[in-house]
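The values are calculated or read from the model by the stated rules, or taken from the named source; none is laboratory data. This is a predicted model, so every value here is computed, not measured. As a convention, Cβ positions derive from the backbone with ideal geometry for all residues, glycine included, and neighbour counts pool all protein chains shown. Note: areas computed on protein heavy atoms with side chains; ligands, DNA, RNA excluded. Shrake-Rupley method; radii C 1.70, N 1.55, O 1.52, S 1.80 Å.
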Amino acid sequence: MRKATEFGVGLTLLLVAGGCGMSRYEFEPNRVYLRAQENITRVELSPVQRQDIQDILAFWFGTPDEPRFPALADVPMDEILDLELLQAAAGPVGSEEDGTNFGVYRRNCAVCHGITGDGIGPAGAFLNPYARDFRRGLFKYTSTLGPMTPPTDQDLRLLLERGMPGTSMPSYQLLADRDLDALVQYVKYLAIRGSVERALIVESVDHLRDADDRLVDVDFDRDSPERIAAALAELTPLISFLARPWLDAPSRVVEVPPRPEGWDSSEAVARGRELFAGQVANCATCHGDDGRGDVDTVDYDDWTKEYFDPQNPRRVHEYLALGALKPREMVTRNLQWGIFRGGSEPEDVYQRIFHGIPGTPMPAAPIKDADAPATDLRLTTDDLWDLVAYVLFLSSSGDLVANGSVASSNVSGQ
Amino acid sequence: MSEKEPRVETGEVKPSIDGYRPWPHRWALLVAWTTFPLIWVGGLVTTYDAGMAVPDWPGTFGYNLFLYPWQTWLFGPWDLFLEHKHRLLASLVGFLTIGLVIVVYRQDQRPWMRHMAVVALIAVIAQGVLGGARVLLVERQLAMVHGSVGPAFFAYCVALCVVTSRWWYQRKAVTGDPNGFQRVSVLSVAFLAYIQLVLGALLRHVPEAASTMYFEVAVWTHLVGAGLLLSIASILAILMFRGPVGDSSFRWLSYVLFLLVCVQIAFGCATWVMKYHWPTFVVQSSITRIYALIEAQGMLQSTVATAHAANGSLLLGVAVMLAVRVLRVHGGGLETKEMAAVAASSG
């Protein structure tokens, strides 16, 4: 009965809302993260303090129709973000007579990722996995070292071009070069803006003790832009801190070593199988010996863990009321299916093993230094190639491996 | 719509009417046949989000619509090609509708028929203005309304085809539907088919700033509507299969309707998978290997999504054709006045 009532109310809302309110394009505040921080610190920000965060963001980063970014003394923001491409990606959908497109983000991304890049677009709740929330600045498939290092432009561009098999993220290879570049810029913009918002939230709950305290003492409606900029100067190191890694990302790229001779030989596959099941690589713990991923594990990605505590699941309702999506358990990939979200070329699989998948339980492989002693049990790059060989063997011969006998004769016996 | 004398299972066939003039029917057919491709092209405009490819209206980049250099739109960007073609085709439908009004006024003496022709003209103008307003106001929700009115106009054209046909004149009311079940079910199918089209338009034109609730309610209502439509279309087809129906065309039209509903559901499922990937309840199944990677705006994705929208209009058109015919046979009413009007025109 309750469901029916909810449905009826929803339908009515749909019809009413159909005519109004949804053409206003504004960045949504990160209410979920704010509530999480408030719950941690037991400080509740006043409406004025919350509005200050949004006003500061609007002053620095503009609106979905007119994006911009602040000029910083210590970080050349225009080397990170290209304003012209940003503006091509932003705003309403349209095009010029020569085919130059505008509103590329809204045309291609917003229905899933949302105007704010929060992964809560209109269709967001239906997707599995959910669309990425860019605001953490955390990306799963990168070529850069360290889970907190942002991807390079090339990483993002590659992902757009080839999509993510097995998910709702399509391949945009049919888009024009300029449109793809514009999307890369806009995703970076949303990530930086979202990270700055999170930092301002933390700054607020950490330092504002009274309801009258404010991050900056300015009137955003009346004061001149110069006065506001001067007042915000003390906060700009936050942006520098969060934007600099994007500037440094290309220097953090880890090149994939060339495939060794016989990297996909049956011997390599057999070695890979041993490593896969072994204690160091420890792949089988989650993926199972045969890579089917049917091992019982309960875990969540980092985006979900931010508002969902499996020990206290009822608490999630207050976050759902703020727009968070229902938590979904992580599902270990069935490697036999041969669907690799980050790419199925051997180099792609190598990178997934080397870097892990940031934001998920999939860790980076423990890699041995070149001068490490023989007693060091960590993996070498050759070991990683053996693992790649085994993983790709699983995906190409999954049915045979599932059969058991083939696995023992072809793979381990030779 | 058939020009041949209908075979009758119950009821009577009226003797042929010498005063019947076929041109209104032929012209109505022409308008309907031109409107259907227009719906396809309109669907493609939505699929490719090309509605704003030409930022002005009623002109095209400052040119008169009909004087816009053909090389530019024929060999220009795909979005421009679609949008300008949509406008040209819409203009053609507009001119044909003006022609329909003239033909009906010259050849059809039924006052209500003349009113219907004028209403068609008003509707096609309103639809054009809606399309223009969507462009000038950059308002996505007007595109949704525009996308909902288009199929309604098409269905209206189909109704015009039926009421101008020789069949309409020759059929006599019979009492084969004492409980009104046929009337209720065909009207329900036509109504549901249209509601489904509106919901489909809501989903296809979903504002990017809409809430997940908006989208969820639209999706679930669309699914429930599809289930209802399938149920009623099935019952109708079974009913027509089992008993005397009043006119032989009811039977095959109900079969075609049922088939179109099945095809529409298949297109709907495919549209979802090609746009949003497999639904959650099968996402962990190996079936997802079949279509693992979506290609945005690829040929398959675009064709299936547009076919889903166009087939919805076709389904509505067939439902309306059946409904109007059933109402003619089982509804009674207009016959005496009509015959008098026809007799007057022929005399």
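Computed over chain A with a Gaussian network model linking Cα atoms closer than 10 Å, the most mobile of A:190, A:86, A:322 is A:322. Cβ-Cβ distance of residue B:242 and residue B:133, R₀ of 35 Å, FRET efficiency by 1/(1 + (r/R0)^6): the value works out to about 0.10.
With no solvent and one point per C-alpha, what does the Debye sum give as log10 I(q)/I(0) for segment A:256-362 at q = 0.10, 0.16 Å⁻¹? For segment A:256-362 at q = 0.10, 0.16 Å⁻¹, log10 I(q)/I(0) is -0.39, -0.83. A Stokes-Einstein calculation at 10 °C with viscosity 1.306 mPa s, built on the Kirkwood radius of segment B:21-173 over Cα pairs, returns a diffusion coefficient of 98 µm²/s. Helices assigned as whole DSSP H runs in chain A whose Cα atoms extend at least 20 Å along their own long axis and whose mean Kyte-Doolittle hydropathy is -0.5 or higher are found at A:2-17, A:47-61, A:177-207, A:381-396.
Modelled this way, with points 7 Å down the Cα-to-C-beta line, the labels at residue A:44 and residue A:74 are 3.7 nm from one another. Among the residues of A:37-45, the average count of other protein chain beta-carbon atoms within 10 Å of the residue beta-carbon is 0. Please state the shape class of segment A:57-182: rounded when a/c is under 1.5, otherwise prolate if a/b exceeds b/c and oblate if not, all from the C-alpha gyration tensor. The shape class here is rounded. Each Cα pair under 8 Å and six or more residues apart adds its separation to the average, and for chain A the resulting relative contact order is 17 percent. Apply 1/(1 + (r/R0)^6) to the Cβ-Cβ distance of residue B:33 and residue A:329, taking R0 = 56 Å, and write down the FRET efficiency to the nearest 0.05. In this case the efficiency is close to 0.55. Once both labels are positioned 7 Å from their Cα atoms along Cα-to-Cβ, the gap between residue B:63 and residue B:289 label points is 5.2 nm. Between residue A:65 and residue A:296, the C-beta separation translates, for a Förster distance of 51 Å, into a calculated FRET efficiency of about 0.60.
Percent of alpha carbon pairs in chain B separated by more than 36 Å?
Numbers: 16479 of 60031 pairs.
Considering chain B, 27 percent of its Cα-Cα pairs are separated by more than 36 Å.
For segment A:28-252, what's the relative contact order in percent, using C-alpha pairs closer than 8 Å and at least 6 residues apart? Please list the in-between numbers first.
Working: 298 pairs, mean separation 54.5, N = 225.
RCO, segment A:28-252: 24 percent.
Taking label points 7 Å from Cα along the Cα-to-Cβ direction, residue A:241 and residue A:203 give a separation of 0.9 nm.
The fraction of all Cα pairs in segment A:28-252 landing in successive 10 Å bins from 0 to the largest distance is 8, 31, 36, 20, 5, 0, given as whole percents.
Across peptide A:94-107, the average count of Cβ atoms from other chains found within 10 Å of a residue's Cβ is 5.
Dividing the summed -39500 (n - 2.57) terms of all DSSP H runs of n ≥ 4 by the residue count of the protein assembly as shown sets its mean residue ellipticity at 222 nm at -18000 deg cm²/dmol. Using equal-weight Cα scatterers in the Debye expression, the normalised intensity of segment A:169-285 in log10 at q = 0.10, 0.12 Å⁻¹ is -0.66, -0.81. Each part gets one Cα centre, and for segment A:285-332 versus segment B:149-219 those centres are 44 Å apart. Estimated translational diffusion coefficient (Stokes-Einstein, Kirkwood radius over Cα pairs, 37 °C, 0.692 mPa s) of segment B:177-331: 195 µm² per second. Under a 5 Å amide H cut-off, with hydrogens placed 1.01 Å from N, residue B:60 pairs with B:65 among residues at least 5 apart or on other chains.
Can you give the Rg to Rh ratio of the protein assembly as shown, both from alpha-carbon atoms, with Rh computed by the Kirkwood formula? Let's see the in-between values first.
Values: Rg = 31.4 Å, Rh = 29.9 Å.
For the protein assembly as shown, the value is 1.05.
Taking all protein chains as shown and a probe of 1.4 angstrom, residue B:46 keeps an accessible surface of around 40 Å².
Calculate the mean, over all residues of peptide B:268-279, of how many other protein chain Cβ atoms lie within 10 angstrom of the residue's Cβ.
Values: counts 0, 0, 0, 0, 1, 1, 1, 5, 9, 11, 4, 3.
Counting Cβ atoms of other protein chains within 10 Å of each residue's Cβ and averaging gives 3.
Look at where the Cα atoms of segment B:116-147 and of segment A:341-385 average out, and the two centres are 58 Å apart. Do any of A:188/A:326; A:188/B:275; A:140/A:326 go past 22 Å between their Cα atoms, and which? Cα-Cα > 22 Å for A:188/A:326; A:188/B:275; rest within. Hydrophobic long helices, here whole DSSP H runs in chain B with Kyte-Doolittle means of at least -1.0 and Cα atoms spread over 27 Å or more along the helix axis, are found at B:23-47, B:78-107, B:111-136, B:140-163, B:181-204, B:212-242, B:248-276, B:299-331.
Quick one: divide the alpha-carbon radius of gyration of chain A by 2.2 N^0.38 Å and tell me what you get. It would help to have the intermediate numbers written out before the result.
Values: Rg = 24.0 Å, N = 414, 2.2 N^0.38 = 21.7 Å.
Relative to the rule-of-thumb radius for its length, chain A sits at 1.10.
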